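Down below is the structure, laid out as structure tokens.
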Amino acid sequence: MLKNIVCILCCFLLQGKLVAQNIPLGTWRFHSSGEDILLLRSYQNTLLAATTNTIYSINEEDNSIQSLNKVNAFSDVGITALQFNPSNGDFWVGYANGNLDINSQNRVNNFNLLVNPSGVLGSPAIRDIYFLNNAAYLATSYGVIVMDVNLRNVRFSWRNLGQGGQQLAIRQITTLRDSIYLATEDGILAGKLSDNLQDFNNWNRFNTGDLNNPISALVTFNDKLYAAINNRGVFKYTGTSWVRQTEIPIQTTYAALRTGNNQLIVQGNATGLFNPQNNGFENFDTGTIGTLRNIVFHANTWWITNGQTGLFKQINNQWQKITITGMASSFVFQSFSNDNVTYAVHGGYQSNFTAITSPLAISKFENGTWTTTSTQLRFASVAKKTGELVLVGSFGDGLEILQPNSSQIFNSGNSTLQRVTDFAFSSKGTWIANYNATESIQLLNTDNTLTPFTPGNVTRLTTKIVVDDFENLWLVQSENASNGVAILNSNAELIRTMSDANGSLPDRRVYAAAVDKEGLVWLGTGQGACYFSDVQGQAVRPIVEGRFLLSDERVNAIAIDGGNRKWFGTQRGLWLFNEEGDEALANFTTDNAPLPSNIIRNLSWDEVSGELFITTDAGLVSFRTDASKGEEQAKSIKIFPNPVQPEFIGLVGITQLVNQSIVKIITAVG
């Protein structure tokens, strides 16, 4: 069935500035959230607030907020450490895989020699960064890396610092006078900086009594050392021994010891301020914000975050939230695009089908900006727009219908809906997948009433629904089902089931489904992709260079763009194939694109802008493709960039053309 689609790509050897509302063709956009901030660092007029994949740079002079991420600045995601160099204002970013970025005067240099080092047990993450003179000290699970700040190379590697020379994880680093101190999984290590500290025998060990425990935090304050130990308290080093500060309450968990406003900040289950001048301790009032993830005294006031609801600044003894445009959470379970709007949900379920708690909000991307919409549902797993309605499904709380001025909920209290995994639109209404329920398929009628169906156990574990051009329902089943797909007619009556056992699928495990512009139904399986031309047919597996299409890949997601090309999201990156699926056109991985991860969970394509939204297990990005939907009637044609300057080298896009339009380009020379 031919659809009105146009795919136009014009290449010019011209140049100029882009003047367009969308990002340029062939470029990427990173989508982040300012809600789940974990780290705060300050230097002069700049405050850095970091999530796991984005750093927000906040300038107090002009109140500007700049978002820095893998698309526009950094080399990686999974931020675990962040610190300013106090001597020059450079800031260093450490990652979970050992990668390191150094931002110097808005230019980022990458140091990747510590990525996944050999012989390391556990995570190679950089846990802390400490500066002294011209050296940077990096705390890792296998020791301390000492780098030259100016040359940006490794001076020393103090590895395997355990008592017998075994690997010992370092949590935090500080110095006092001529010595360096390490908070470890086994007490505190101290060594003179003038000694050969590559030899584990040259370290003094404080690991008896209360210090015979992992050290949660370590800091130098007012020429004294302080250490925090879970369930033991906060201790001060007297020069010969560690003495508990009895004025500071014992907490079950300490997150950090920091300094600010001439006070010691004790951060744990609760946060308090200790003044060593009078040994006074007072609880820090966070109001309704709750347990803190980070706190800093910057620009003569306090800034705090709880890691879930954003960044707050104290103004006139009140907490004011700093508005950072973005999604409701950095974690995205899935996104869905239609009507030039993309919705992202932040709950869903784990691979073992246990629910993931989400904020009581979904995120909407429209006109280049994210906003959030409140929902009453936890575990939000799917959200799609249909007309004036937005449907939100939850893996535990049922269905919410969001209308412009009201909402309606179907849950276990007034229906059999509970674990909703997907929606699909048809002429009859909206089909709903109700996971692991007897009434596993339900129809939301146009009057917002529900009609439940009981097709049998073969549809009980439905995770995805697509409706083909004949309004048949293709129901993808979870890995726990004996069949990979069940097909129902428009009355929800079973037509057939498919698995590898009856030869109709390359693999019983099916993860994705999509209907292309010609009406073919494409399935993504644990051993590649295939398509069906009708409900009774056998799978067709395109041949690519002598092999079945992506036969070595688990295909998690499929999107069909305006040119009927096939985008496949796998465990090892993103693929683009031609319309027939027998020619690879592009392959994107973390090595050649700013993907947060190679594990692609979900794809959604905006047919108006041509932007492809790519959900990975480490965040959401999008890519501006060179295809968009053709129009039924002529509208205001948009050309970007416009004007096209003579020196421009790049792609020129033309949108809102009628399908099958003929485009002629005229330049000054013909």
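Odds and ends about this structure:
- Those residues of the stretch 566-582 which are more than 10 Å from Val555 (Cβ to Cβ), touching a Lys or Arg at 6+ places or on another chain (Cβ under 7 Å) and not in a loop (DSSP other than H, G, I, E, B), in sequence order: Leu576, Phe577
- Output for the stretch 466-511, where each listed residue is part of a strand (DSSP E or B), open to solvent by 10 Å² or more (accessible area, probe 1.4 Å) and aliphatic (A, V, I, L, M): Val466, Val467, Leu494, Ile495
- Residue in the stretch 475-483 that is in contact (Cβ under 8 Å) with a residue 60 or more places away in the chain and not polar (S, T, N, Q) present: no
- Within the stretch 364-380, tally of residues that are touching a strand residue (DSSP E or B) at 6+ places or on another chain (Cβ under 7 Å) and either hydrophobic (A, V, I, L, M, F, W, C) or open to solvent by less than 60 Å² (accessible area, probe 1.4 Å) (or both): 8
- Any hit, the stretch 81-93, residues being open to solvent by less than 50 Å² (accessible area, probe 1.4 Å), more than 26 Å from Ile322 (Cα to Cα) and assigned to a loop (DSSP other than H, G, I, E, B): no
- Answer residue from the stretch 274-310, given it is open to solvent by 10 Å² or more (accessible area, probe 1.4 Å), more than 21 Å from Tyr130 (Cβ to Cβ) and among the aliphatic types (A, V, I, L, M) and is nearest to the chain's Cα centre (by Cα) among those: Ile289
- In the stretch 548-568, the residues that are among the hydroxyl-bearing types (Ser, Thr, Tyr) form Cβ pairs under 6 Å with partners that are part of a loop (DSSP other than H, G, I, E, B), at six or more places apart or across chains, as follows: Ser551/Gln527.
- Qualifying residue in the stretch 282-294 (condition: in contact with a Lys or Arg (Cβ under 8 Å, 6 or more places away or on another chain) and in a strand (DSSP E or B)): no
- Subset of the stretch 104-115 [more than 22 Å from the chain's Cα centre (by Cα) and in a strand (DSSP E or B)]: Ser104, Arg107, Asn109, Phe111
- Of the residues Ser118, Ser57, the single one that is without any contact (Cβ under 8 Å) to a residue 12 or more places away in the chain and assigned to a strand (DSSP E or B) is Ser57.
- For the stretch 416-447, the set of residues classified as in contact with a strand residue (DSSP E or B) (Cβ under 8 Å, 6 or more places away or on another chain), loosely packed, with under 14 Cβ neighbours inside 10 Å and assigned to a loop (DSSP other than H, G, I, E, B) consists of Thr446 only.
- When Leu585 is tested against (1) surrounded by fewer than 22 Cβ atoms within 10 Å (Cβ to Cβ); (2) modelled with pLDDT of 95 or more; (3) assigned to a loop (DSSP other than H, G, I, E, B), just one condition goes unmet, and that condition is (3).
- Every condition in (1) more than 26 Å from Phe30 (Cβ to Cβ); (2) open to solvent by less than 20 Å² (accessible area, probe 1.4 Å) is met by Gly413 except one, and the failing one is (2).
- Selection status of Val93, farther than 25 Å from Ser141 by Cβ and within 19 Å of the chain's Cα centre (by Cα): no
The values are calculated or read from the model by the stated rules, or taken from the named source; none is laboratory data. Quick caveat, the model's predicted, so the values are computed rather than measured. Heads up, the Cβs are rebuilt from the backbone with ideal geometry, glycines too, and the neighbour counts pull from every protein chain shown. Only protein heavy atoms, including side chains, enter the accessible area calculation; ligands, DNA and RNA are left aside. Shrake-Rupley method; radii C 1.70, N 1.55, O 1.52, S 1.80 Å.
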